[in-house]
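These notes concern the structure reproduced below.
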Amino acid sequence: MSRHRILRVLKFVLLVVLAATVFSFATMWLWNRLMPAIFGLHAISYWQALGLLVLSKIFFGGGSRAAGFAMHWRHRMMARWEQMTPEEREKFRSGLRTGCGPFGSSPATPKA
């Protein structure tokens, strides 16, 4: 392994440790200021705050898997877009403008 690569890895590890420390202290501070006053819960330590962050990462995910899925979806959509005719593209655009499903914006309804 080259010296340059080792330095990059060390910088990355240091950045991760620093970010975990900052987020853990922020979580601990927010918890200790809000939760006891609002819900009557006990104050937590730094290590408990770090544990909460790890647990939330496990439960709610995020990170590389989600980014990988988004990129895969984007490449598939771009491939489909390139295969569409100009008429199909315009129909797709108009569908996006009018909304999707029952929750999208709908054309104005006539008043009685």
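Every number in this text was worked out from the coordinates using simple rules, so none of it is lab data. Since the structure is predicted, the reported quantities are computational estimates derived from the model, not experimental observations. We place every Cβ from the backbone using ideal geometry, glycine too, and count neighbours over all the protein chains shown.
Overview of values
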| item | result |
| --- | --- |
| For the range 1-61, projected area of the alpha-carbon convex hull averaged over all directions, nm² | 5.2 |
| Label-point separation in nm, ARG89 to ARG74, each point 7 Å along Cα→Cβ | 1.9 |
| Distant-in-sequence amide H partners of ILE44 (H built 1.01 Å from N, under 5 Å) | ASN32 |
| Cα-projected label distance for LEU15 with LYS57, points at 7 Å along beta-carbon direction, nm | 1.5 |
